[in-house]
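The values are calculated or read from the model by the stated rules, or taken from the named source; none is laboratory data. The model shown is predicted, which means the values in this text are computed figures rather than measured ones. Here the Cβ is made from the backbone with ideal geometry for all residues, glycine too, and neighbour counts use every protein chain on show. Heavy atoms of the whole protein, side chains included, go into the accessibility calculation; ligands, DNA and RNA do not. Shrake-Rupley method; radii C 1.70, N 1.55, O 1.52, S 1.80 Å.
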Amino acid sequence: MEYNFKEIESNWQKYWATNKTFAAKDGGDKPKYYVLDMFPYPSGAGLHVGHPLGYIASDIVARYKRHKGFNVLHPMGYDSFGLPAEQYAIQTGQHPKITTEQNIARYREQLDKIGFSFDWDREVRTSNPEYYKWTQWIFIQIFNSWYNNSSNKAENISSLITEFEANGNTKVNAVCDEDVKQFTAAEWKAFSEKEQSDILMAYRIAYLGEAYVNWCPQLGTVLANDEIKDGVSERGGYPVERKLMKQWSMRITAYAQRLLDGLDSLDWTESLKEAQRNWIGKSEGTSLKFKVSNSSLITHHSSLHIEVFTTRPDTVFGVSFVTLAPEHELVTSLTTPENKAAVEAYVTQAKNRSERERQADVNKITGVFTGSYVIHPFTGKQVPIWIGDYVLAGYGTGAVMAVPAHDSRDYGFAKHFGLPILEVVAGSANGTLSEVEGSYDAKEGKLINSDFLNGLEVKEAMKKAIAEIENQGLGKGKINYRLRDAVFGRQRYWGEPIPVYYKNDIPYALNENELPLVLPEVDKYLPTEDGEPPLARAASSWKYEGKYDYEHSTMPGWAGSSWYFLRYMDAANGSAFTSKKLTDYWQQVDLYIGGSEHATGHLLYVRFWTKFLKDLGYIAIDEPAKKLINQGMIQGRSNFVYRLSPLFRYSELETDKVNLPVMFVTKSLHDKINTNSLSDFEKNNIKEQSIINFKLLNPSAKEEEIGFLNFKSHALHVDVNIVQNDVLNQAAFMASRDEYKHAIFFTGEIEDYICGHEVEKMSKSKYNVVTPDDIAEKFGSDTLRLYEMFLGPLEQSKPWNTNGITGVHGFLKKLWRLFYSPLQGGAQGAGDVALNISNDEPTKAELKTLHKTIKKIAEDIERFSFNTSISNFMICVNELTDAKCNKRAILEPLLICLSPYAPHITEELWKQLGHNESISTAPFPIHNEEFLVADSVNYPVSFNGKVKFTLELAATLTSQEVEAIVRANEQTIKFLDGKEPKKVIVVPKKIVNMVV
RNA sequence: GCCCAGCUGGCGGAAUGGUAGACGCGCUGGUCUCAAACACCUGUGGGAAACCGUGCCGGUUCGAGUCCGGCGCUGGGUACCA
């Protein structure tokens, strides 16, 4: 009887599916445990071995928790709206829905083969109308909400309207647009519907507002930053410009502080939390107004001033100029006639540079003088106003007070344009700023040259400066965040329609009973000729009540994924996004596993929506996931062949006319041939080099036979599936392409053709993709699962290398033999042997092996150290094999411990032991300390390499007893170097911890 | 530049401050076989040995891969954020 993994695995997969073994119950006595994977986008390429890594880890935890008596929710679904299917639709005309369904079918097939314990009854697909109906519903809730700073949460917009009707907006403390005008209750009532709508829009959390976006006119769409390379679109290479556009956005900035605070309560890695903190980018400072002094301008603008934001109010006396962003609204009015031409040229140039481009050459200092001045609020001196693109329009006020002595960017600008540098913090070593040193940015030192701040430490100076600024009404303490509102509209087809229609130019949200607003059919998936989104193509027939236009943008990719963890709790609910009862039961995700690339995207948005839904009372939790683990990426290991191509030919031999065959050299020859660059060839004797290279290829050739032909070679990816241990399967390679049919291989000293290799991203184009199907076919899914976990720590990135897989596969075979081999007379090959299980009492040594394993495995799983736990299984099975132990009392608990890792083989063997129930319902065994103490330990301890003593322990002691013995031995330890023994003792680490 | 993570045999990697290198791969030698594959058993950080060994320098400690200070390198994130 052999370990026939193919039959075993397909049988058990069928069994689990028909019996719904892993369906979660919505309640009961057991404690709940929610294990979630980040759901995949079903791409056309299918899964490669890297994708299931996180799923295997979460499945192990899910299965383990079931054994431990938890009611486990472990669902899976698809993030099925997205760009690739749409791109494919544009090229082929095939509806993205069809592409997506095909891809999902393929994913499902692959996932099933690995033997995951997902509860498929709860599957969600973000592109299903039954699902996105509720994504739209949540959008409407957000649209109908405003953020009340007083209660510090989102509230329904009706409470705001009530307030407007009673008191106007003067007492409202809300997160809203900056330019909202003040009005009274009477004024509010007098506003037209359009005016009221516009005002409310400035308060809504989902709002239509102006935002700078990357606009590509040729493609007719907004592009995300990662779709732009060097200022042109990645696709097509068209120029991209920054454009102020009306866009749907979400006021995520209202939640900035709560998103920051919430991190403290989460069990996420520090690096991930830090990434979110940096992204939110809180900075505390103050706003400060500078009055414009030009007499010529003042006639038009009697109280013109520039407001800046600074985190260093203490350095206010060091201000030597003020810089505006090129987009700053006052640029035009502040420019004097003599500077007009230069400023306009500069602004136009800056406008045409994308933000990315601008960031690319940050070292290049550019700027222009406006000709105007502001008055320094404390010194009364004239301070010039400059324009510079190192100031960003979107952050703070779009204007900075430049203190070149204490800010490196201001310093660079001042140096470049010869502006004065005034030192106000004595911090540098000699107390004065030297020319070469650059700015002194540290927030340490005493203030100088600063009037009323002189002599104060930076921190005190900050407080005093802010107090004085507030006192004189020049500005006030302020907190700024780097986080921007999230742009929500996309000019795409394959996404959720935004459930809004326009009536008399006023946007209205649909009613709940009108959802879902189903994605309409279109003839083409491209934008219209006049730049409207693809949905505009359906507009003639797709109208609200047959006459009002719908919003033509769709939602971004992150919409559907921002709440899916809630839908799994109640996936079939037709009357609510999920019922309160079930969110109360399942609460937070207990363990969330996914890639770290979502650190500042998905993981921020899902936290935002969770907090929002809590504010409105729909759910009770504030954070989506308590514990989060980022699995590492599995990279591909690419192989290369090196093709020769002629570099120089000597016309004397007329080798030009020779029809050269396709030739390849091995890695080592490639390295030798290409050591010299082209210019070196020219410098040296080409003929000589040719001979050297030719001899490398053909050592036996005589000199006079050598044609004067020189070569270079270049690397080509070769399919890793026809390479084994870097040795090329030449026959398979020659058969792979017509061109290679008669290829010649130069292999040097050895016979095999050795390929080069490199670790790269796993991708089709690099021919380095290994699929889980290939592995399962050869070794089985249990082996695949074990091997992926055995590869190394879960959170670490690592290259895939199939070489070591025989180790874990051999382990499973060995386990199988514990049940089937007669366990005597040594190894028998394929000898047909029967199931051979004994009911004998296990020996103490066998029990020790088992209990040691139970303890370690449980600990390993609890700390997500799956690789070490597999090692511990191997040790266990090796010991049992050595002991020829085929006893039920040992093997039965062992199978339960192993079943989270290798569910198929353990189910099968469990059945062989006579159980009718699935192993997944068996309780996890409990280890017995009694068996864990060593029989006898000799443990040499040395101090300073001089004193040694040996600790000997009797058999079967508890850790307390061992500790007592060690304490009793205290006086035997003396130090030869005369030192007093401080704390004493050392105990064998495998028995007890250090005793203090 | 800033932030984070890491650096241990030929390789992937183990080690609550307590015998560094568990476990696996690879490699040695052997058993089985006509032979190969499979399987099983041996050995395997370096060194003849004394000893030396966890990126480098220093510190704390009876004792450091582990803790502290500094440096170097690798990988990741992020960036004119005032």
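Tabulated values for the structure
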| read-out | value |
| --- | --- |
| Flag if A:Ala576 is of a type outside the set (S, T, N, Q) and within 19 Å of A:Leu613 (Cα to Cα) | yes |
| Hey, A:Glu435 out of contact with any strand residue (DSSP E or B) (no Cβ under 7 Å at 6 or more places or on another chain), in a loop (DSSP other than H, G, I, E, B), among the acidic types (Asp, Glu) and modelled with pLDDT of 85 or more or not | no |
| Boolean, A:Asn339 is modelled with pLDDT of 85 or more and in contact with a Gly (Cβ under 8 Å, 6 or more places away or on another chain) | yes |
| Check on A:Leu818, part of a loop (DSSP other than H, G, I, E, B), surrounded by 17 or more Cβ atoms within 10 Å (Cβ to Cβ) and within 13 Å of RNA strand B (Cβ to nearest atom) | no |
| A:Leu880 vs. criteria farther than 30 Å from A:Val72 by Cα, within 16 Å of RNA strand B (Cβ to nearest atom) and touching a helix residue (DSSP H, G or I) at 6+ places or on another chain (Cβ under 9 Å) | yes |
| Meets criteria (more than 25 Å from A:Pro31 (Cβ to Cβ), within 16 Å of RNA strand B (Cβ to nearest atom) and open to solvent by 50 Å² or more (accessible area, probe 1.4 Å)) for A:His602 | no |
| Strands (runs of 3 or more DSSP E) wholly inside the range A:440-514 that include at least 3 residues being under 33 Å from the mean Cα position of the chain (by Cα) and more than 19 Å from A:Pro556 (Cβ to Cβ) | A:477-481 |
| Helices (runs of 4 or more DSSP H) contained in the range A:90-199 and holding at least 2 residues under 30 Å from A:Met789 (Cβ atoms) | A:96-114 |
| Meets criteria (out of contact with any Phe, Trp or Tyr (no Cβ under 7 Å at 6 or more places or on another chain) and not charged (D, E, K, R)) for A:Leu526 | yes |
| Residues of the range A:762-796 satisfying the condition of being open to solvent by 20 Å² or more (accessible area, probe 1.4 Å) and of a type in the set (Phe, Trp, Tyr) | A:Tyr767, A:Phe779, A:Phe790 |
| Residue under evaluation A:Arg607, criteria (1) touching a Pro at 6+ places or on another chain (Cβ under 7 Å); (2) assigned to a strand (DSSP E or B); (3) modelled with pLDDT of 90 or more, criterion not met | (2) |
| Where a residue in the range A:470-499 is under 30 Å from A:Lys543 (Cβ atoms) and its partner, wherever it lies, is modelled with pLDDT under 85 and in a strand (DSSP E or B), with Cβ under 6 Å and at least six apart | A:Val487/A:Ala211; A:Gln491/A:Thr221; A:Gln491/A:Val222 |
| Residue within the range A:485-497 that is at positive phi and either open to solvent by 20 Å² or more (accessible area, probe 1.4 Å) or touching a Ser or Thr at 6+ places or on another chain (Cβ under 8 Å) (or both) present | no |
| Given (1) closer than 24 Å to A:Ala206 by Cβ; (2) at pLDDT 90 or above, number of the condition A:Gly557 does not satisfy | (2) |
| Filter result (touching a Leu at 6+ places or on another chain (Cβ under 8 Å) and at pLDDT 95 or above) within the range A:156-180 | A:Asn156, A:Ile157, A:Leu160, A:Ile161 |
| Scan of the range A:498-513 for residues that are under 25 Å from A:Ser561 (Cβ atoms) and exposed (fewer than 15 other Cβ atoms within 10 Å of the Cβ), ordered by number | A:Glu512 |
| Subset tally (residues that are of a type outside the set (Phe, Trp, Tyr), farther than 21 Å from A:Lys476 by Cβ and open to solvent by 20 Å² or more (accessible area, probe 1.4 Å)) for the range A:390-411 | 6 |
| Test for A:Leu794: is it at pLDDT 90 or above, over 22 Å from A:Glu109 (Cβ atoms) and either away from RNA strand B (no atom under 11 Å from the Cβ) or in a loop (DSSP other than H, G, I, E, B) (or both) | yes |
| Members of the range A:42-94 found to be of a type in the set (A, V, I, L, M, F, W, C), farther than 28 Å from A:Ser797 by Cβ and surrounded by fewer than 20 Cβ atoms within 10 Å (Cβ to Cβ), listed by number | A:Phe70, A:Ile90 |
| Enumeration of residues in the range A:722-777 that are part of a strand (DSSP E or B) and touching a residue at least 60 places away in the same chain (Cβ under 8 Å) | A:Val723, A:Leu728, A:Ile744, A:Phe745, A:Phe746, A:Ile754, A:Gly756, A:His757, A:Glu758, A:Val759, A:Glu760 |
| Scan of the range A:198-233 for residues that are of a type in the set (S, T, N, Q) and either more than 30 Å from A:Leu613 (Cβ to Cβ) or modelled with pLDDT of 95 or more (or both), ordered by number | A:Asn214, A:Gln218, A:Thr221, A:Ser233 |
| Test: residue in the range A:578-598 that is open to solvent by less than 40 Å² (accessible area, probe 1.4 Å), within 16 Å of RNA strand B (Cβ to nearest atom) and out of contact with any Phe, Trp or Tyr (no Cβ under 8 Å at 6 or more places or on another chain) | yes |
| Residue satisfying all of: in the range A:797-810; assigned to a helix (DSSP H, G or I), open to solvent by 10 Å² or more (accessible area, probe 1.4 Å) and near RNA strand B (Cβ under 8 Å from one of its atoms); farthest from A:Asn768 (Cα to Cα) among these | A:Gly810 |
| Long-range neighbours under 7 Å by Cβ, at least six apart or interchain, first residue assigned to a strand (DSSP E or B) within the range A:407-425, second open to solvent by less than 30 Å² (accessible area, probe 1.4 Å) and at pLDDT below 85 | A:Val425/A:Gly445 |
| Tally, over the range A:310-338, of residues that are within 14 Å of A:Val374 (Cα to Cα) and of a type in the set (Gly, Ala, Ser) | 2 |
| Test: residue in the range A:255-277 that is open to solvent by 20 Å² or more (accessible area, probe 1.4 Å), in contact with a helix residue (DSSP H, G or I) (Cβ under 7 Å, 6 or more places away or on another chain) and within 11 Å of RNA strand B (Cβ to nearest atom) | yes |
| Those residues of the range A:244-293 which are aromatic (Phe, Trp, Tyr) and under 18 Å from the mean Cα position of the chain (by Cα), in sequence order | A:Trp268, A:Trp279 |
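Condition check ((1) at pLDDT 85 or above; (2) within 16 Å of RNA strand B (Cβ to nearest atom); (3) among the polar types (S, T, N, Q)) across all residues:
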site	(1), (2), (3)
A:Cys876	yes, yes, no
A:Ser899	yes, no, yes
A:Thr921	yes, no, yes
A:Ala934	no, yes, no
A:Ser942	no, yes, yes
A:Lys948	no, yes, no
